[in-house]
Every structure is written in C-alpha cells, then in structure tokens.
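Here's the structure, in structure tokens; my notes come after.
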Amino acid sequence: MHAWAELAARWHGTSVTELFWLVIGFGAQAMFMMRFVIQWLASEKARRSVVPDAFWYWSLAGGFMLFVYAIYRADPVFILGQGTGLFIYARNLYFIRRTRRESEAMLRGEYAAAE
C-alpha cells in the first residue's frame with residue numbers, strides 16, 4: 001500500500017491545469033492507439049494485412065491531440081515527431097480521396113475528359 005500512498009501524495013499537489021493537460025495527453029494517446037486496434041481488427045476480419053481508411057483518421061486525430069500536448073509540454077522532439085506524422089497521415093488521406101474520385105470518374109466515363 002506504500003506505493004499507492006506515494007502516488008496519492010504526488011497527485012494531491014498537482015494543479016487543475018496540469019491535471020487537465022494530463023487528461024488531454026492520456027486521451028490523445030488512447031485515441032492514437034485506437035488506430036492499431038482498428039487495423040488489427042480489419043486484418044483479422046480479412047485474414048490478411050489491411051490498413052482501413054479509419055486507421056488514417058484515428059492517426060490524424062490522435063496525432064493532432066498529441067501534437068497539441070507536445071506543444072504544451074514544449075518538447076521539441078515530441079513536436080517534430082508528431083508534426084511529421086500529421087503531414088504523413090493527411091497525405092495518405094489525400095491519396096485515398098483522390099483515388100476514390102478518380103475511380104468514380106472512371107466509372108462514370110469522365111476520367112478521360114478530366115485529364
């Protein structure tokens with residue numbers, strides 16, 4: 001029980017602002033982790049490795065929250081890592097949307113005219 005008493009004593013003196021940012025940080029980490037759960041479940045269902053669109057949306061949302069948290073913490077390593085990730089996640093979503101638009105245009109016979 002000694003460890004629990006130490007933990008309680010540590011959190012007792014924590015400001016409301018610091019607790020707020022800890023909740024944001026843990027929430028962001030949980031959201032970011034969901035992308036792996038989504039990817040794992042999709043792969044299990046397909047019985048092969050799959051990266052569903054939701055993986056990139058969860059990555060973007062969780063990465064953005066972690067980026068904001070890193071800015072609050074003023075951690076340049078964390079800021080650079082999450083900032084780079086945000087670009088990659090957004091770029092993948094752009095490719096997904098572009099491919100969908102092109103596929104839909106081809107189905108309607110509009111693709112050749114759009115080039």
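The values are calculated or read from the model by the stated rules, or taken from the named source; none is laboratory data. Computed from a predicted model, the values in this text were never measured in an experiment. Glycine also receives a Cβ, built like all others from the backbone with ideal geometry; neighbour counts cover every protein chain displayed.
Can you pull out every residue in the stretch 1-47 that is among the charged types (D, E, K, R), at pLDDT 90 or above and loosely packed, with under 10 Cβ neighbours inside 10 Å? Talk me through it step by step, then tell me what you get.
Step one: filter the stretch 1-47 for residues among the charged types (D, E, K, R), giving 6, 10, 18, 35, 44-45, 47.
Still in the running and at pLDDT 90 or above: 44-45, 47.
Residue satisfying the conditions is Arg47 alone.
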Would you mind telling me which numbered condition in (1) touching a residue at least 40 places away in the same chain (Cβ under 8 Å); (2) under 21 Å from Arg91 (Cα atoms); (3) hydroxyl-bearing (Ser, Thr, Tyr) Tyr72 fails? (2)
Under 6 Å between Cβ atoms, which residue pairs at least 6 apart in sequence (or on different chains) link something in the stretch 96-110 that is within 28 Å of Leu60 (Cβ to Cβ) with a partner that is surrounded by 10 or more Cβ atoms within 10 Å (Cβ to Cβ) and at pLDDT 85 or above? Ile96/Asp53
